[in-house]
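Every number in this text was worked out from the coordinates using simple rules, so none of it is lab data. All values reported here derive from a predicted model rather than from experimental measurement. Don't worry about glycine lacking a Cβ; one is built from the backbone with ideal geometry, like all the others, and counts go over all protein chains shown.
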Amino acid sequence: MVGTFPRTILRVVDIYLFCGAGVDLLPRGLLSLGWKGQKRKMKGIFLTIEGLDGAGKTTQLELLRDWFRKRGYDPLFTREPGGTRVGDGVRELLLNRDYTGLVPLAEAFLYSASRAQLVAEVIVPALLAGRIVVCDRFVDSSIAYQGYGRGLPRDFVEGINRRATGDLKPHLTLLLDLEPGLRLERLEQQGEPPRDRLEVEGDAFYTRVREGYLELARENPRRIRVISARQSIMAVHGQIVQYVAEFLSGSAPRPREKAGRAKSPRPGGRFLG
Ligand SMILES: Nc1ncnc2c1ncn2[C@@H]1O[C@H](COP(=O)(O)OP(=O)(O)OP(=O)(O)O)[C@@H](O)[C@H]1O
Ligand SMILES: [Mg+2]
């Protein structure tokens with residue numbers, strides 16, 4: 001009898017969630033996505049890089065890969081959209097200019113679908129295994145592009161991504177800040193026509209996206225480090241490794257959401273100590 005009551009409640013909650021009823025009424029903690037209870041066991045470190053197309057993310061991740069390797073680390077590098085077989089399929093749908101007429105809402109769901117797959121299949125297992133994970137774009141991209149750029153309500157974009165990721169947040173985000181005009185200059189220098197659906201958007205769109213990124217940085221000053229992407233490639237690299245090394249050595253403040261856990265080890269100690 002004693003054990004029956006809680007079990008019954010759990011069953012009711014189960015059915016409630018299965019039917020999709022009243023999900024919004026439940027506290028976030030109950031919206032378990034399978035791995036959420038394992039968050040404390042995730043000893044790895046999650047880094048992301050963000051910025052407008054052409055800001056230099058891929059260029060910098062190549063350099064960061066070498067920097068880590070020289071120091072004996074073997075981080076997992078992944079990217080969005082994509083990073084999984086399913087995600088790569090979604091990436092093709094999202095970036096291929098042949099698929100015209102994709103409405104902003106569908107676009108937002110596709111990005112979050114790819115992200116849900118990446119989190120479940122790649123990021124969470126790697127963090128549970130104690131690895132450093134470096135991801136080219138994450139939720140901040142959706143808030144900046146689908147929210148600020150496309151004009152979808154920000155709380156909606158945040159909501160679907162919270163569900164997609166189980167509210168997983170990067171420990172450190174490197175934001176390469178670039179003026180939209182420079183983005184075009186770089187693409188032109190490459191001598192390539194715009195490659196995908198987003199790259200054909202004009203300056204007004206990218207100005208809103210940039211403003212979205214900067215707003216996020218203002219709101220999360222401890223997690224998001226803004227680096228001017230108009231500097232030379234090596235100057236940007238220098239700043240990136242300074243922030244990463246600071247974080248790994250534990251000298252950087254922990255992200256706000258983890259600050260309360262006094263007993264959890266600072267991640268850096270184990271990696272650089
Ligand atoms: N600091 C820099 N100064 C000048 N040119 C740069 C700099 N960083 C990158 N580039 C050049 O800009 C172009 C775009 O860089 P890259 O592909 O790394 O950007 P990205 O942010 O990954 O873009 P995307 O979002 O489209 O993947 C490349 O030709 C690269 O060589
Ligand atoms: Mg890139």
Linear extension gain, K41 paired with A129, 0.36 nm per residue minus alpha-carbon span: 30.8 nm
Amide H proximity to K43 below 5 Å, modelled H, separation 5+ or other chain, gives G130
Please list, in order along the stretch 54-69, the HN-Hα scalar couplings obtained from phi with the Karplus expression 6.51 cos²θ - 1.76 cosθ + 1.60 (θ = phi - 60°), rounded to whole Hz, x for Gly and Pro. x, 5, x, 4, 4, 4, 6, 5, 4, 5, 5, 4, 5, 4, 5, 4
If each of Q190 and S228 carries a label point 7 Å out from its Cα toward its Cβ, how far apart are those two points in nm? 2.4
HN-Hα J in Hz across the stretch 231-245 - Karplus 6.51, -1.76, 1.60, θ = phi - 60°, x for Gly and Pro: 6, 5, 4, 6, 5, 5, 4, x, 5, 4, 5, 5, 5, 5, 4
Ranked highest first by average number of other Cβ atoms within 10 Å, how do 40-53, 227-240, 155-168 line up? 40-53, 155-168, 227-240
In nm, to one decimal, how far is the modelled label at V103 from the one at D66, with both set 7 Å along Cα→Cβ? 4.8
Tell me, what HN-Hα J-couplings in whole Hz come from the Karplus equation 6.51 cos²θ - 1.76 cosθ + 1.60 at θ = phi - 60° for each residue of the stretch 202-212, using x for Gly and Pro? x, 4, 4, 4, 5, 5, 5, 4, 4, 4, x
The long-range amide H neighbours of R79, using H built 1.01 Å from N in the peptide plane and a cut-off of under 5 Å, are D136
What does the charge add up to near G83, with Lys and Arg as +1, Asp and Glu as -1, over the other residues with Cβ less than 11 Å from its Cβ? +1
